[in-house]
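J.: Can you read through this structure? Questions will come right after.
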Amino acid sequence: MTLVTDSPVWRPYTQHALQPGAVKIARAEGCWLEAEDGSRFLDAISSWWVITHGHRRPEIMQAIREQTESLDQVIFAGFTHEPAERLARRLVEITPKGLDYVFYSDSGSTSVEVAIKMALGFWRNRGKARTRIIALEHGYHGDTVGTMSAGARSAFNASYEPLLFDVARVPFPHQGREQQSLDALEAACKAGAAAFLVEPLILGAGGMLIYSAQTLGRMREICAQYGVLFIADEVMTGFGRTGNLFACEQAGVVPDIACYSKGITGGALPLAATMCKAEIFDAHYSQDRACAFFHSSSYTANPIACAAALANLDIWEKGDARESVTRLCGLQEERIARFRTDGRFDNVRRLGTITALDLRAQQDGYLASIGLDLLGFFNERGLLLRPLGRTIYVLPPYCITGEELDLAYATIDEAAARFSN
Ligand SMILES: Cc1ncc(COP(=O)(O)O)c(C=O)c1O
């Protein structure tokens, strides 16, 4: 495995003093990444959760090629274009009923930042002083200042703490302790809040923590009862990961605002959509220019990214995506089952296409060296997994085969033999 070491590139979430090199990838296809030196990596985390159907899915690549024949970036204030218009209509059709407006941006973080701003704008334009955000313990919503504020305080954001705004924090609804969490949410709602921001059913970067659809449903009801806006961050869960197209469907929940990114283009290009109910849009609709929604990214509604997203929606509506997801849920369950009674692991779990297991190790936490040791161990064996501390998770593209998953789990088994205690 050849590493690029002499480079001006500053990589994300990388301690360069400990991880001085990076593998230079030349080609990607299906579940595989191929490096310049010919070594191959099974992409068992979908390249940070974005690739849904598989790398370079032909229909999406074709749509991108075709779109480049007529449009590149076009300013999106005062101008629009067919890919953005068509995509917005189709998103309104496939997302939970009632999410009638679409605001485009270009990453998961911006989609959540937009959601928070929409919520605050809603209350301000209605003449109510509601600014407090409620968020779930261990949540992760991105790396901008607003999303870091709503996310868990951790090593990820310790340096920026003085800039972060305070939020009301609700304990994670661990199994058997759901009521505690619901009571805390109710108390925070009663105290007055603008919105509750939550990752539905599973907290990703917080450790792949799963909670029940019933609890999600109750959270939604509590917010409705106190008129607190309910924001679903479906950046990771959206587009099939939890077994349904959207995680909120499992609880019959219609959020007031929902954030989608990552899988929206099948992972091919950056794009995000923050969708909201008409009342949120209407609160900004006024003869007073000061009530407008003041947010934009230069690349808002990039036509090529919108074309990729439209091709992705075709795969969901007319193609094989739903069958692939159902098949993968089964394959994952078959493979994770034996680890449930394996004493080297705690909390072996699956939600839809995602599995996670906590290696019994002396060290805990994201910064524990076990995370880097495991990462290196997997990389050397041609497996792309990025454990969160001692939490190993498998979140693969939907095209992965049983044999490819067997490779991944055999390597996890080997890692446990080496690193568990
Ligand atoms: C739930 C959730 N929200 C927001 C984000 C931020 O997305 P991005 O990295 O595209 O800014 C992530 C990224 O992993 C996420 O998992």
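The values are calculated or read from the model by the stated rules, or taken from the named source; none is laboratory data. Please read these numbers as outputs of a predicted model, since none were measured by experiment. As a convention, Cβ positions derive from the backbone with ideal geometry for all residues, glycine included, and neighbour counts pool all protein chains shown. Keep in mind that these areas ignore ligands, DNA and RNA; they rest on the heavy atoms of the full protein, side chains included. Shrake-Rupley method; radii C 1.70, N 1.55, O 1.52, S 1.80 Å.
J.: Please calculate how many Å² of accessible area the range 285-421 carries per residue, with a 1.4 Å probe and no DNA, RNA or ligand atoms counted.
T.: Value returned for the range 285-421: 44 Å² of accessible area per residue.
J.: Could you please state, rounded to a whole Å, how far the C-alpha centre of the range 226-296 is from the C-alpha centre of the range 99-126?
T.: 7
J.: Here's another thing I want to ask about it. Rounded, prolate or oblate: which fits the range 339-394 when a ≥ b ≥ c are the square roots of the eigenvalues of the alpha-carbon gyration tensor, with rounded for a/c under 1.5 and prolate only if a/b beats b/c?
T.: oblate
J.: Taking the Cβ of residue 28 as the centre, find all other residues whose Cβ is under 12 Å away and add up their charges (Lys, Arg: +1; Asp, Glu: -1).
T.: Around residue 28, the surrounding residues sum to +1.
J.: Can you give the charge dipole size of the chain about its Cα centre, rounded to the nearest 20 debye, using +1 on the beta carbon of Lys and Arg and -1 on the beta carbon of Asp and Glu?
T.: That gives the chain a dipole magnitude of about 860 debye.
J.: Moving on to the next point. Ignoring ligands, DNA and RNA, what percent of the 1.4 Å accessible area of the chain is carbon and sulfur?
T.: Solvent-exposed carbon and sulfur of the chain make up 52 percent of the total.
J.: Something else now. Report the residue, chosen from 111, 297, 212, that carries the largest GNM mean-square fluctuation when the chain is represented by alpha-carbon nodes joined by springs under 10 Å.
T.: 297
J.: Taking the chain on its own, what percent of its Cα-Cα pair distances exceed 29 Å?
T.: The proportion of pairs with Cα distances above 29 Å equals 46 percent.
J.: Give the accessible area for residue 3 in Å² (nearest 10); use a 1.4 Å probe, count only protein heavy atoms, and leave out ligands, DNA and RNA.
T.: 80
J.: Further question: Could you list the trypsin sites (Lys or Arg not before Pro) in the range 271-371 that lie in coil according to DSSP, counting only those with at most 11 other Cβ atoms within 10 Å of their Cβ?
T.: When the trypsin sites (Lys or Arg not before Pro) of the range 271-371 are filtered for loop state and at most 11 Cβ neighbours within 10 Å, 318 remain.
J.: A follow-up question, please. Please compare each pair in 277/318; 117/277; 97/128; 128/262 to a cut-off of 22 Å on the Cα-Cα distance and tell me which ones are over it.
T.: The answer is 277/318; 97/128; 128/262.
J.: Take the alpha carbon gyration tensor of the range 207-323, find the square roots of its eigenvalues, order them as a ≥ b ≥ c, and report rounded if a/c is under 1.5; if not, report prolate when a/b exceeds b/c, else oblate.
T.: oblate
J.: Using the beta-carbon distance between residue 153 and residue 288 and R0 = 51 Å, what value does 1/(1 + (r/R0)^6) give for FRET efficiency, to the nearest 0.05?
T.: For R0 = 51 Å, the calculated efficiency reads 0.85.
J.: Skipping prolines and chain starts, which residues have an amide H placed within reach, meaning under 5 Å, of the one on residue 55, given they are 5 or more residues away or on another chain?
T.: For residue 55, the qualifying residues are 30, 31, 32.
J.: When a/c reaches 1.5 or more, the comparison of a/b and b/c decides; with that in mind, is the range 173-216 rounded, prolate or oblate per its Cα gyration tensor?
T.: oblate
J.: Out of 11, 153, 40, any idea which swings most in a Gaussian network model of the chain, alpha carbons joined below 10 Å?
T.: 11
J.: Right, next: Quick check: residue separation of residue 36 and residue 72 times 0.36 nm, minus the Cα distance between them. What number comes out in nm?
T.: Gain on extension, residue 36 to residue 72, equals 10.0 nm.
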